[in-house]
1. Report the local net charge at A:SER107: Lys and Arg +1, Asp and Glu -1, summed over other residues whose C-beta lies under 15 Å from its C-beta.
2. Summing +1 for each Lys or Arg and -1 for each Asp or Glu, what net charge is found among the other residues whose Cβ lies under 13 Å from the Cβ of B:PRO61?
3. To the nearest 10 square angstrom, what accessible area does A:THR96 show with a 1.4 Å probe?
4. Heavy-atom accessible area per residue, chain B, 1.4 Å probe: how many Å²?
5. With a cut-off of at most 14 other beta carbons within 10 Å, and DSSP calling the residue loop, which trypsin sites (Lys or Arg not before Pro) in segment B:42-104 qualify? Please list them.
6. Would you tally the net charge around A:ALA79, using a Cβ to Cβ cut-off of less than 10 Å, leaving A:ALA79 out, and scoring K and R as +1, D and E as -1?
7. Taking all protein chains as present, what is the carbon and sulfur share of the accessible area of chain A, in % to the nearest whole number, probe 1.4 Å?
8. Kirkwood hydrodynamic radius, segment B:1-90, all distinct C-alpha pairs: what's the number in Å?
Amino acid sequence: GESVGLHLPTLSVQEGDNSIINCAYSNSASDYFIWYKQESGKGPQFIIDIRSNMDKRQGQRVTVLLNKTVKHLSLQIAATQPGDSAVYFCAEPSNTGNQFYFGTGTSLTVIP
Amino acid sequence: EAGVVQSPRYKIIEKKQPVAFWCNPISGHNTLYWYLQNLGQGPELLIRYENEEAVDDSQLPKDRFSAERLKGVDSTLKIQPAELGDSAVYLCASSLDPDTQYFGPGTRLTVL
């Protein structure tokens with residue numbers, strides 16, 4: 001199956017700083033990616049998505065960048081807050097589009 | 001709008017015992033998913049329903065796992081008998097379109 005991986009398993013940032021979470025994917029045919037946030041004891045929550053015809057997409061305090069050349073995407077969180085502490089997953093669809101493959105996840109800790 | 005509801009939230013059983021998880025999806029969502037999430041890992045799809053039909057159960061260990069969604073709404077996932085390696089979080093998700101899945105809080109299973 002496809003491989004979705006993350007460069008760093010853990011990330012600690014100071015409150016107010018920007019956070020960058022990276023993700024590598026292996027299927028060059030993937031045309032859609034999603035970032036999820038999972039807080040302790042909760043299910044994954046959709047943050048932002050991006051289609052392969054875009055290089056960048058911005059949301060509220062979050063930006064996703066997609067580099068199809070190197071099959072890499074990143075999630076940038078501006079002015080990181082304690083409430084951003086969670087595990088972040090990137091996900092890409094299977095070849096059939098019927099399911100998503102999730103990466104291992106990066107645990108973000110915000111230091112007050 | 002109520003989200004995906006799962007119960008119980010926590011379950012501790014001894015190995016070889018049966019266990020069942022229940023999921024109530026978001027109203028109107030035809031697609032329902034059951035995922036397995038091991039500690040520190042991303043969710044892995046077990047089974048996907050379109051209404052009452054299981055359209056993708058290729059990753060469900062059918063020797064001990066079973067699922068049903070009799071009226072196309074609520075769903076149950078059963079394990080019989082449970083093994084030590086089944087300890088994990090079992091997530092239910094629902095969607096109107098495959099790109100946007102809404103996850104429940106999960107059931108954390110501990111098999112002793």
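The values are calculated or read from the model by the stated rules, or taken from the named source; none is laboratory data. From a predicted model like this one, the values you see are computed outputs, not experimental measurements. Glycine also receives a Cβ, built like all others from the backbone with ideal geometry; neighbour counts cover every protein chain displayed. When the accessible area is computed, the model is the full protein with side chains, heavy atoms only, and any ligands, DNA or RNA have been set aside. Shrake-Rupley method; radii C 1.70, N 1.55, O 1.52, S 1.80 Å.
1. Surrounding charge for A:SER107 is 0.
2. -2
3. Surface open to solvent at A:THR96 totals about 100 Å².
4. Here the per-residue accessible area is 50 Å².
5. When the trypsin sites (Lys or Arg not before Pro) of segment B:42-104 are filtered for loop state and at most 14 Cβ neighbours within 10 Å, B:LYS62, B:ARG64, B:LYS71 remain.
6. -2
7. 46
8. It is 13.6 Å.
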